[in-house]
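Below: the structure, in C-alpha cells.
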Amino acid sequence: MQLNSFDEWSPLKEVIVGSAENYVSHQRELSFDLFFHDNIANDNSSRSEWYYPRLTARGEASRTDRALVPIKERYVAELNEDLEHIADTLASLSVNVLRPADVDAATDEVRTPAWSASVVPPLNVRDNTLIVGDEIIETPPMIRSRYFETQFLKPVFQEYFRKGARWTVMPRPMMTDASFDLSYARASTAGGPTEPIGDPQPSPYDVGLEMMFDAAQCLRLGRDIVANISTANHALAVDWLERHLEGRFRIHRVHGISDSHIDSMVLALRPGTLLVRSAEVAQLLPEPLRSWDLIVPPPPEADNFPRYDDDDLVLTSPFIDLNVLSVSPDTVLVNEACPELMRKLEQHKFTVVPVRHRHRRLFGGGFHCFTLDTVREGGAEDYFG
C-alpha cells in the first residue's frame with residue numbers, strides 16, 4: 001500500500017506493530033532520567049525516595065554494569081505474547097500488519113563519538129517516526145539507547161519510499177550532557193522518588209542545546225498538528241517542523257501538557273471527540289479543540305495492574321491505558337484490564353475491542369505507542385476551520 005496517514009482515527013488499513021525481542025535491560029543515564037522524570041516523580045509517590053536513585057555518579061563512565069537495570073525474562077516473554085496478540089487482533093480487523101526487524105542478540109550497545117548506551121529494540125515504534133500524509137519523518141531521539149532505533153524500521157520505510165512516499169530524517173543530535181535543557185526537570189523535582197538532576201559534564205563534542213523531540217508529542221488532525229513543548233530541545237525541533245511543513249500543515253504549539261509525550265494525556269478518537277485525562281488538560285489545547293466533546297475516563301484502579309518487585313522499574317503513569325488505538329471512528333482497541341474505560345467508551349457509542357497488555361508500565365507504552373499507523377483512509381481535512 002502507499003503511505004497515507006493524516007489523523008488518529010480514520011479507517012486503518014496498514015500498521016507497524018513493534019518488537020521486544022532481546023529486550024534485556026534499561027540503562028540509567030541522564031537522557032533516561034530526563035525522559036521518564038514526570039512519571040517517576042509524580043506517579044510513584046508511594047515508593048521510597050530511594051526507589052529511583054541515580055546509579056552512576058556524574059562524570060562516571062556512561063556504560064557500567066551498575067548502570068544497567070536488568071528486566072526479568074518472564075516480563076519480556078509475556079510482552080512478546082501480548083504483542084503477537086495485538087498483531088493478530090489487528091489482522092482479524094482486516095488491517096495489514098507489518099513488523100520491524102528484531103534486535104540481534106549479539107547487538108548490545110549503540111555508540112557515537114560522544115557516548116555509548118545499551119540498545120533498545122523497536123518496541124514503541126510511534127515515538128521516533130512522525131507520519132504526515134505521504135511523508136515519513138524520523139524525529140531526533142530523546143533517549144541515547146534509542147538513537148538508531150528507526151534503523152530497524154528501514155526495510156518497511158524503503159518499501160514505502162519505492163511506492164512514492166517522501167522520507168525525511170531530522171537532524172541527529174550529538175546528545176552530550178550539554179545538549180539537554182534541564183530546566184523542566186529541575187523546576188519540577190521536589191523530593192520523592194527522584195533526585196535532582198546534576199550539573200552536566202563537559203564533552204569535546206558539545207554544541208549547546210539541540211533539537212530533541214519525539215513524534216509521540218504530536219496529535220495529528222488532518223491539516224493540523226498539535227505539538228507539545230516542555231523544553232528548549234522540543235521548541236527547536238518544532239521550529240524545524242514548522243519550516244519543513246510550511247504550506248502543507250499547520251503546527252499548533254501547546255506548552256507543558258506533559259514532559260514529553262501527550263498520547264496518555266489526550267487522543268482524538270474521531271472528529272469532535274477527545275479522550276482526555278482531565279478537563280483541565282483539554283483547556284491547554286488550541287481553542288478549536290476546547291469545544292469538542294470530552295471523554296474523561298474514570299481513575300485507573302490498582303487492580304488493573306500487575307504487582308511488581310521493588311527492583312522493577314515502573315516507568316509509566318497509571319494513566320497509560322488511556323493510550324488506546326483507533327481502528328476506525330467508531331472502533332477502539334482497549335486494554336482488557338480496564339473495564340471502567342471500556343464501559344465509558346461504550347457509553348459514547350464506540351465499539352471496544354479488548355486486547356491483553358500486561359506489562360505496559362514496565363516498558364513505557366500502550367497500544368498507541370506500540371503501533372505506527374502508516375495507511376489510513378482520508379486526507380488533509382480541515383477540522384480547525
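Only the coordinates and a few stated rules stand behind these numbers; no lab work does. Predicted model, so just to flag it, every value in this text is computed and none were measured. Glycine gets a Cβ as well: all are built from the backbone with ideal geometry, and neighbour counts include every protein chain shown.
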Inset, instruction - Select from 234, 375, 113 the residue farthest towards the positive end of the dipole of the range 12-376; place +1 on Cβ of Lys and Arg, -1 on Cβ of Asp and Glu, and compute about the Cα centre. - result: 375
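Within the set of other residues whose C-beta is less than 11 Å from the C-beta of residue 219, count the net charge using Lys and Arg as +1 and Asp and Glu as -1. List each step's numbers first, then the result.
Details: positive: 220; negative: 7, 8, 224, 263.
Surrounding charge for residue 219 is -3.
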Legend entry - Spatially proximal lysines relative to residue 349 (Cα-Cα < 27 Å; intrachain offsets below 8 disregarded): 13
Inset, instruction - State the answer as a single residue: which of 316, 157, 100 lies farthest towards the positive end of the charge dipole of the chain, with beta carbon charges of +1 for Lys and Arg and -1 for Asp and Glu, about the Cα centre. - result: 157
Legend entry - Coil-residue trypsin sites (Lys or Arg not before Pro) of the range 307-365, DSSP, other Cβ within 10 Å capped at 11: 307, 349
Legend entry - Rounded to the nearest 20 debye, dipole of the chain from Cβ charges on Lys, Arg, Asp, Glu: 520 debye
Inset, instruction - Using a cut-off of 10 Å between beta-carbons, work out the net charge of the residues near residue 129 (Lys and Arg +1, Asp and Glu -1, residue 129 not included). - result: -3
Legend entry - Rounded to 5, percent antiparallel among DSSP beta bridges of the chain: 55 percent
Inset, instruction - Let me have the 222 nm mean residue ellipticity of the chain computed from DSSP H runs of 4+ only, each contributing -39500 (n - 2.57), with the sum over all residues rounded to the nearest 500. - result: -6000 deg cm²/dmol
Inset, instruction - Rank by packing, highest mean first: peptides 175-182, 367-374, with packing defined as the count of other Cβ atoms within 10 Å averaged across residues. - result: 367-374, 175-182
Legend entry - Nearby aspartates and glutamates by direct alpha-carbon distance to residue 163 (threshold 20 angstrom, same-chain neighbours under 8 apart not counted): 14, 134, 135, 138, 373, 377
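Going by how many other beta carbons lie within 10 Å of each one, how would you line up 211, 1, fewest first?
Numbers: 211 21, 1 12.
Sorted ascending by nearby Cβ count, the order is 1, 211.
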Legend entry - Average Cα contact separation per residue, the chain, under 8 Å, 6 or more apart, as relative contact order %: 25 percent
Legend entry - Ascending count of other beta-carbon atoms within 10 Å, so fewest first, for 240, 115: 240, 115
Legend entry - Summed residue charge, Cβ within 12 Å of residue 341's Cβ, Lys/Arg positive, Asp/Glu negative: -2
Legend entry - Relative intensity, log₁₀ I(q)/I(0), of the chain from a Debye sum that treats every alpha carbon as a point, q = 0.08, 0.13, 0.15 Å⁻¹: -0.37, -1.09, -1.55
Legend entry - Per-selection metrics, the range 233-349 (Cα): Rg and Dmax in Å: 16.4, 51
